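No value in this document is a laboratory result; all are computed from the given coordinates. From a predicted model like this one, the values you see are computed outputs, not experimental measurements. Neighbour counts run over all protein chains shown; Cβ positions are idealised from the backbone, glycine included.
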Amino acid sequence: MRTHHARILLAGSAAVLATALGAAPALAAATWTIRPGGETAAKSGRAILRDAQGRVITRAVRRPSGHGSAARVRRSGQIDQFNEFNGVAALSATDAWAVGNACKSGCGLIEAAGSTLIARWNGTRWTRVSSPNKGNSFLAGVAAASSSDIWAAGTSGGGNAFTLHWNGTAWSIVPSPAKGPASSLAGVAAVSGSDAWAAGYYCPSSSCSTFRTLILHWNGTAWTQVPSPNPDPSGFPALSAVTATSGTDAWAVGTRCISGCGTGANVFQALLLHWNGNTWSQVPSPSTNVPFLFGAAAASRTSAWAVGTDIHFKSVILHWNGTKWSTVPSPNPVPVATLLRGAAATSPSDAWAVGYGGPLGGAGSTVILHWNGTAWSAVKSPNP
């Protein structure tokens, strides 16, 4: 976990819960069923407080040292073992990938022994695939351009941006720019073998008293940082997801503080950035009541979605119509709190949003919402 990121979300009373779904990747399914996951299956019903990258949020926050290491402690008692999936990508009904991390001991603590966790769906079952690590690495997102060109992104054990690549045979670490003393990637999107994006944030100084947005681009040879807007860096701008439809159309979404930053009276607002083929620019958010965005999906240049939670911990879904973003009514299957973590879209009339519902810090349940072209509705989801 990036403790500085957790600090921001805790100050804003917006602890986010990432729920791993052990579900089949078929997007058009009317109902969801639990698929066997073997020893790496994520436990969908477990409620763990997390930050925007899916990390366990702490009750005691310690700033990272000069080399970017960070505390990762838990809310309550020791967890002896914990596996989680934080991102999923599907190429077909018989080829899908899920990524996250596996902890064998000290889970949630500074001394946690963890590693990357990657599983593949073959149409029948999920199986774990060997994946490299750089310290106690953590994967937050995955994107597939083809069956032999897949990216996973997250954070290395040393506290820096971390990317893995699948070439059809094996996963390998691909160097990515180490920006500042600490950096983290929260999402990745792939358009082609020579056009992929990864987004997150970095600290420009060892104190991590401010953030900067971080966007990396893959040109087929190497990852490089691309300049991205940082509206008022003292407002801790950070990106949580990225999606792209072409080389001239991509979105990155996240959160920033617009007033009272660092005072305990923080006011947050959604951060929406767009790539037009030449530059990234900020696009206005439709409302200050949309403070946190954690997932994004684009079906076309005129239909994109961003999902998250509002200041009352109710589901939030924004839609881009090619001209502006607007808030679309969304259900709250669990009235006390519904937080959306991810989104996927196959067409303007077929989109999904997933997340968690339940009291913050308490037992919770998975949430799946579906868009049919007219309205969002809740779909029954597995809760073992």
What are the ³J(HN,Hα) couplings of the range 136-149, residue after residue, when phi is run through the Karplus curve with 6.51, -1.76, 1.60 and θ = phi - 60°? Round to Hz, x for glycine and proline. 7, 6, 9, 10, 10, x, 9, 8, 10, 8, 6, 5, 10, 8
Amide H to amide H under 5 Å from TRP171: which residues, 5+ apart in sequence or cross-chain, H placed 1.01 Å off N in plane? none
In nanometres, the difference between 0.36 nm per residue of separation and the alpha-carbon distance of THR127 and THR248 is 40.0 nm
Hey, can you rank 262-275, 118-131 by average C-beta count inside 10 Å, highest first? 262-275, 118-131
Taking 0.36 nm per intervening residue step and subtracting the Cα-Cα distance, what contour gain separates SER326 from THR279 on full extension? 14.6 nm
How big is the gap, in Å, between the Cα center of the range 167-231 and the Cα center of the range 321-347? 26
What net charge do the residues around THR116 carry, taking every other residue with its C-beta under 11 Å from that of THR116, with Lys and Arg at +1 and Asp and Glu at -1? +2
Lysines with Cα under 23 Å of LYS314, excluding same-chain neighbours fewer than 8 positions away: LYS324, LYS380
